[in-house]
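Just below is one structure, and these are the notes that go with it.
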Amino acid sequence: MFTRRYAISLFLAILLPTTLFAQEKRQVIVCSTTQVADFARQVVGDRMEVKCILAAGQDPHLYEKKPGDAQLVSTADLCLENGWHLEGNDWMNKLATQTGRPIVTCVEGCQPLQVPGIEQAMHDPHVWFSCTNAAIYVRNIRDAVIKLDPEHADEYRSRAGLYLDQLRTLHSWIVREINNIPVEQRVLVTSHDAFNYFCHAYGMQSATPVGWSTGDEVGAGITPQRRQETIDSIRDHKVKAIFVETSVNPTMVREIAREAGVKIGGELYSDSMGGPDTAGETYIGMMRENVITIVQALK
Ligand SMILES: [Zn+2]
């Protein structure tokens, strides 16, 4: 009996500290978009819990807040948003303000491109599409996380350092890959105007029937004129293929392809990454798959 009780006490003594450690509450980061959540995970590892409001394939411009969102955000030690109105009507910023949680805007410090074709100055929010800008998001997140948990600063700096190296490699790889497309064929036609930073960074031109947002903001949505200009661009440049986006209804692009007599070159990740177990479930995977799809269709 004694031996058995001793064995049980010993077992509990060994088990208890591990169990307590495992149950120790981790700090929580709540992100608006899938890209921002991936950057955060690359920096914090398993040290913090990273949650994301948008699911794979969801459109941040059109997102309608769900009843559980405020509850989720209220548990956050830190909120992260993309910013520059990518989140339609600033839904993430409003959630953080309502629940009194701190929020960091990841585009802070990036060089903005203006939304083309409108009178008022407005920053295009699809900033992550240049790897150089993605690196600024990562540095902003690293600094915010270090402020939140200075005790593990070295760990966050280490992870961010490795990831920034990977982003530099990705950048050079994209430049090399795009070089396989003849210069006059470097026109990227998609649903909405999400690829300006990509085109600016990697030497392409973009043409889209829908403006910077799929919602109803200034300069957003589709106009018959934009639609016609897109078809004209396809014809003028003898574009070989155009692309649908994973987070936007493909109907219109398919119609335009038929009308202009071009094929669909594939599906690109734009405002949202791929789901779990897909090649596009990380930022690097999403960029890699997009570039492969674009180069294969246009070269
Ligand atoms: Zn967009």
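The values are calculated or read from the model by the stated rules, or taken from the named source; none is laboratory data. For clarity, every value in this text was computed on a predicted model and none was experimentally measured. Backbone-built Cβ (ideal geometry, glycine too); neighbour counts: all protein chains shown.
Summary of values
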{"item": "Output for region 266-299, where each listed residue is more than 16 Å from the ligand (Cβ to nearest atom) and among the charged types (D, E, K, R)", "result": "ASP277, GLU281, ARG288, GLU289, LYS299"}
{"item": "Matching option when the condition is within 15 Å of the ligand (Cβ to nearest atom), touching a residue at least 24 places away in the same chain (Cβ under 8 Å), closer than 17 Å to PHE243 by Cα and in a loop (DSSP other than H, G, I, E, B), among ALA194, ALA220", "result": "ALA194"}
{"item": "Exclusive hit being within 16 Å of the ligand (Cβ to nearest atom), assigned by TED's automatic domain parsing to the domain that holds ASP143 and closer than 30 Å to VAL210 by Cβ, set GLY68, GLY57", "result": "GLY57"}
{"item": "Residue in region 247-265 that is of a type in the set (Asp, Glu), within 21 Å of ILE174 (Cα to Cα), assigned to a helix (DSSP H, G or I) and more than 16 Å from the ligand (Cβ to nearest atom) present", "result": "no"}
{"item": "Cβ pairs under 8 Å, 6+ apart, first in region 259-274 and touching a residue at least 60 places away in the same chain (Cβ under 8 Å), second of a type in the set (D, E, K, R) and within 16 Å of the ligand (Cβ to nearest atom)", "result": "LEU268/GLU245; SER270/GLU245; ASP271/ASP59; ASP271/GLU245; SER272/ASP59"}
{"item": "Residue tally, condition surrounded by 22 or more Cβ atoms within 10 Å (Cβ to Cβ) and either out of contact with any helix residue (DSSP H, G or I) (no Cβ under 7 Å at 6 or more places or on another chain) or within 25 Å of PRO250 (Cβ to Cβ) (or both), over region 64-84", "result": "2"}
{"item": "Some residue of region 8-29 being closer than 29 Å to MET287 by Cα, modelled with pLDDT of 95 or more and either part of a helix (DSSP H, G or I) or touching a His at 6+ places or on another chain (Cβ under 8 Å) (or both)", "result": "no"}
{"item": "Answer residue from region 74-94, given it is part of a helix (DSSP H, G or I) and under 19 Å from the mean Cα position of the chain (by Cα) and is nearest to the ligand (Cβ to nearest atom) among those", "result": "GLY88"}
